[in-house]
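Below is one structure; the comments refer to it alone.
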Amino acid sequence: MEKNIQKIAIVRLSALGDIVNTAVVLQFINEKFPHAKIEWITEEVFAPLLINHPLLENVHTINLKQLKKEKNISGILKTISYLKNLGNFDIIIDIQGLIKSAVVARLIGKNTHGFDKNSSREPLSSLFYKTTSSISYEENVVKRNCFVASDALGFEIDDEMILNKKPIFEHLKNNYTLQKKQNGKKTVAIVIGASWESKKYPKESVAKLCDALEENCIIIWGNEIEKEYGMWICEHSAYATLCEKLSLTQLVSLISQTDLLIGNDTGPTHMAWSQNIPSITLFGPTTTRMIYETPINIGIKSPSKVDINKIDKNDFSIENIKVEDILQKAKELLG
């Protein structure tokens with residue numbers, strides 16, 4: 001018997017790549033429950049991606065990271081009160097699976113659903129759910145996100161559905177106009193940043209890759225250190241151009257207009273998959289389970305072995321990925 005679902009809350013607080021890899025569930029939920037209202041709870045910094053999304057009724061923002069850093073007791077109490085007064089939901093789905101996200105879900109209401117203790121990075125989070133789903137923590141992250149959401153709602157999201165998904169952030173594609181060079185070459189975006197140094201492909205190798213590609217390479221950066229790296233790359237490759245500083249929404253729009261994106265395992269790289277743009281993701285201390293591989297979205301992993309339950313942030317093996325291997329895949333994707 002099909003569930004009578006009218007109002008759904010999704011809890012996914014962070015981070016950028018995880019928000020991107022979770023938002024795919026919206027189109028599948030909408031197809032199954034076209035009249036249901038879906039609301040999302042997230043950290044404020046990531047809200048621009050979700051605000052005005054046509055499949056979301058509301059986006060609710062909190063600042064847990066900042067409140068924790070400042071030890072702002074008053075702010076924490078206000079946040080608790082805010083969450084308790086969001087309204088009644090038929091179901092609250094925690095797709096993050098951390099203790100903090102589980103607590104947020106439980107504050108919103110009692111009808112909570114999340115990963116069981118054997119499926120979560122933080123097993124204690126399962127204590128806050130009314131119902132749970134079981135799926136290996138080693139499974140692909142997009143499949144995990146889709147499974148916990150669909151299992152909560154009593155339907156299935158299969159590989160064919162994910163493979164044939166619509167662009168996730170279609171509403172943002174016109175937020176930026178990419179000025180393409182009129183020289184007959186393809187536009188390749190290259191994401192040089194990441195949350196850890198060991199996830200970054202060396203700038204020297206990026207410059208060599210740009211020269212080998214002989215295409216219009218746009219270097220995307222997110223902070224001043226990355227900007228300096230980007231400037232160095234542009235000084236050492238005639239094919240590289242430094243992108244201006246972009247907002248999250250402008251970044252999605254720019255990526256949506258490129259022919260190929262190459263980058264580290266980080267949020268902006270995942271945006272290419274979200275928009276159905278060809279991409280190559282480079283992996284050192286993490287694994288290809290972090291992306292959903294398709295004929296046009298592939299991963300290249302360094303030789304190192306990775307224990308996903310105990311990531312080694314001192315694993316700099318991404319440096320061992322050969323420029324020639326990336327070039328070969330890039331040429332194939334560029335046709």
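Since every read-out is calculated from the coordinates, none of them should be taken as a lab result. All of these numbers come straight from a predicted model, not from anything done at the bench. Cβ coordinates were reconstructed from backbone atoms using ideal geometry, including for glycine residues, and neighbour counts include every protein chain displayed.
Side notes on the structure shown:
- With 10 Å bins beginning at zero, the pair-distance distribution over Cα atoms of the chain amounts to 6, 25, 33, 24, 11, 2, 0 %.
- Rounded to the nearest 20, the size of the Cβ-charge dipole of region 7-166 about its Cα centre is 740 debye, with Lys and Arg at +1 and Asp and Glu at -1.
- Gain in span if fully extended, GLU235 to ASN72, counting 0.36 nm per residue against the direct Cα distance: 54.2 nm
- Ordering of 150-157, 317-324 by burial proxy (mean other Cβ atoms within 10 Å per residue, highest first): 150-157, 317-324
- Approximating the spin labels as points 7 Å out from Cα along Cα→Cβ, the LEU334-to-GLU139 distance works out to 3.8 nm.
- Selection from HIS236, ILE280, SER253 lying farthest towards where the dipole of region 170-281 points positive, charges on Cβ: SER253
- Protection proxy ranking, peptides 291-300, 207-216, 181-190, 267-276, average beta carbon neighbours within 10 Å, highest first: 267-276, 207-216, 291-300, 181-190
- Net length gained if the chain between ILE296 and ASN88 were fully extended (0.36 nm per residue, minus Cα distance): 70.8 nm
- Alpha carbon centroid spacing (whole Å) that separates region 127-166 from region 220-256: 34
- Cα-centred dipole magnitude for the chain, charges only on beta-carbon of K, R (+1) and D, E (-1), debye, nearest 20: 880
- Shape parameters for region 92-209, alpha-carbon atoms, Rg then Dmax in Å: 19.8, 59
- Residue exposure sequence - HIS236, HIS53 - by fewest surrounding Cβ within 10 Å: HIS236, HIS53
- Separation of the ASN30 and LYS185 label points, Cα + 7 Å toward Cβ, nm: 3.8
- Remark: region 92-169 carries a charge dipole of roughly 420 debye about the Cα centre, counting +1 on each Lys and Arg Cβ and -1 on each Asp and Glu Cβ.
- Overall Cα dimensions of region 172-334, principal axis frame, Å, largest first: 45, 32, 32
- For ASN164 and ILE51, the difference between the fully extended length at 0.36 nm per residue and the C-alpha to C-alpha distance is 38.3 nm.
- P(r) of region 7-166 over all Cα-Cα pairs, binned every 10 Å from zero, in whole percent: 11, 43, 37, 8, 1
- Sequence of ASP94, ASP307 once ranked by neighbouring C-beta atoms within 10 Å, starting from the fewest: ASP307, ASP94
- Annotation for GLU122 and ASN4: the two label points, set 7 Å from Cα along the Cα-Cβ direction, are 3.6 nm apart.
- Label zone (ASN314, point 7 Å along Cα-to-C-beta; backbone nitrogen cut-off 20 Å) within region 245-288: 284-287.
- The overall shape of region 199-263, judged from the alpha-carbon gyration tensor, is oblate: a/c is not under 1.5, and a/b is no greater than b/c.
- Loop-resident sites, region 216-271, for GluC sites (Glu not before Pro), counting at most 12 other Cβ within 10 Å (DSSP): GLU244
- Under the criterion of Cα pairs below 8 Å and six or more residues apart, the relative contact order for region 140-289 equals 28 percent.
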